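Enquirer: Sharing a structure below in structure tokens format, with a few things to ask.
Here, each number is a calculation from the coordinates, and none is a lab measurement. Everything numeric in this text was worked out from a predicted model, so none of it was measured. No Cβ is skipped: glycine too gets one built from the backbone with ideal geometry, and neighbour counts run over all protein chains shown.
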Amino acid sequence: MTTLERVLYPYGELFNYGVLLHCPETQRTACVDSGDAEASLAAAKNQGWSITDIWVTHHHHDHTDGVLELKEKTGASVIGPNLPDTPILGVDHVISDGDVFDFAGRGVTAIHTPGHTLDMINFYLPAESLLFAGDTLFTLGCGRVFEGDASMMWKSLLKLAALPKDTIVYSSHEYTLANAEFAVTVDPDNAALHEQVQNVKNRRANDEPTIPSTLAMELNTNPFLRPDDPAIRKHLNMQEASDAEVFAEIRRRKDEF
Ligand code: ZN
Ligand code: FE
């Protein structure tokens with residue numbers, strides 16, 4: 001089996017990234033989220049691909065505004081969450097935690113990671129070591145906790161942290177420079193973090209995306225995955241606190257940063 005081809009494309013005012021995932025053998029193409037149907041169609045056209053599947057991570061408009069139009073124009077089938085309080089128009093197949101579906105002969109596992117929203121689903125392809133983390137895990141950051149609470153978000157991040165370290169992590173926004181500025185304030189003595197900060201500064205200076213990342217990189221540099229780190233705990237003066245409490249404090253500080 002050849003590996004799936006991937007394309008990242010930016011859209012919108014919130015520095016979103018969409019991703020297309022393409023199987024050259026079956027010609028299936030999955031579009032992960034669509035906040036802008038025209039942007040998704042242009043990215044597919046640019047590759048000579050036709051979108052056959054749409055995977056939706058959560059109900060926020062910057063991830064769903066293009067879904068219906070894209071579905072109408074391509075005939076793609078739409079997979080995603082669909083909670084009664086936060087419906088997503090156009091979803092054909094509702095998925096929940098642990099569900100596995102097929103894409104071009106690969107299993108795709110739905111991982112429910114509530115916190116940013118209650119409906120958040122991340123898509124994991126073990127055969128390709130690929131994770132689509134939506135607005136749960138960002139490069140050097142994590143999503144704001146809008147609908148859940150900090151302990152719920154921490155449990156969700158633990159699910160992602162348990163995946164294999166070589167997992168390639170696609171998140172949905174280019175927020176990395178701001179995340180980096182914050183990260184060094186809670187983890188100032190982390191040499192791997194400083195190296196990564198320089199790396200992302202160089203990438204952004206060249207107008208290159210800082211996505212995807214890897215789980216190994218995030219575990220070593222992303223403060224939101226490191227509340228168990230002794231240096232961070234000492235810096236926050238929270239040596240006796242639980243990981244969830246330290247995470248909540250880091251999230252609170254980022255919200256005020
Ligand atoms: Zn969102
Ligand atoms: Fe978003």
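Enquirer: So if R0 is 35 Å, what FRET efficiency would Thr185 and Asp97 give, r being the distance between their Cβ atoms, rounded to the nearest 0.05?
Expert: Rounded to the nearest 0.05, the efficiency is 0.55.
Enquirer: Here's something else I'd like to know. Can you show me the helix-derived [θ] at 222 nm for the chain, built from DSSP H runs with n ≥ 4 at -39,500 (n - 2.57) apiece and divided by the number of residues, rounded to the nearest 500.
Expert: Helices in the chain give a 222 nm mean residue ellipticity of -10000 deg cm²/dmol.
Enquirer: Just in the range 153-257: which GluC sites (Glu not before Pro) are loop by DSSP and have at most 14 other Cβ atoms within 10 Å?
Expert: Passing sites in the range 153-257 are Glu240.
Enquirer: Among Val94, Val32, what is the fewest-to-most ranking by other Cβ atoms within 10 Å?
Expert: Sorted ascending by nearby Cβ count, the order is Val94, Val32.
Enquirer: Roughly what % of DSSP beta bridges within the range 72-225 run antiparallel, to the nearest 5?
Expert: 75
Enquirer: Quick check for me: using +1 on Lys/Arg Cβ and -1 on Asp/Glu Cβ, what's the dipole size of the chain about its Cα centre, in debye to the nearest 20?
Expert: 440
Enquirer: Turning to a different aspect of this structure: With a point put 7 Å past each Cα toward its Cβ, work out how far Gln27 is from Ala216 in nm, to one decimal.
Expert: 3.8
Enquirer: Let me ask something additional. Can you give the FRET efficiency for Asp85 and Lys45, using 1/(1 + (r/R0)^6), R0 = 35 Å, r = Cβ-Cβ distance, to the nearest 0.05?
Expert: 0.45
Enquirer: Report the Rg/Rh value for the chain, based on alpha-carbon coordinates and the Kirkwood definition of Rh.
Expert: Looking at the chain, the ratio lands at 0.97.
Enquirer: Right, here's the next one. When only C-alpha pairs under 8 Å and at least 6 residues apart count, what is the relative contact order of the range 122-257, in percent?
Expert: Computed value for the range 122-257: 29 percent relative contact order.
Enquirer: Under the rule that an exposed site lies in a DSSP loop and has at most 15 other Cβ atoms within 10 Å, name the longest stretch of the chain with no trypsin sites (Lys or Arg not before Pro) of that kind, not counting the sites themselves.
Expert: It runs 1-143.
Enquirer: What share of the DSSP beta bridges in the range 5-171 is antiparallel, in percent to the nearest 5?
Expert: Taking every DSSP beta bridge with both residues in the range 5-171, the antiparallel ones total about 70 percent.
Enquirer: Relative contact order for the chain: what is it in percent, counting Cα pairs under 8 Å that are at least 6 residues apart?
Expert: With pairs under 8 Å counted, the relative contact order is 13 percent.
Enquirer: Let me ask something additional. Considering only Cα-Cα distances, which of the following residue pairs are longer than 21 Å: Lys201/Lys254; Lys155/Lys201; Lys155/Lys254?
Expert: Long pairs (Cα-Cα over 21 Å): Lys155/Lys201.
Enquirer: When all alpha-carbon pairs of the range 85-187 are counted, what percent fall beyond 24 Å?
Expert: That tail contains 24 percent of the Cα-Cα pairs.
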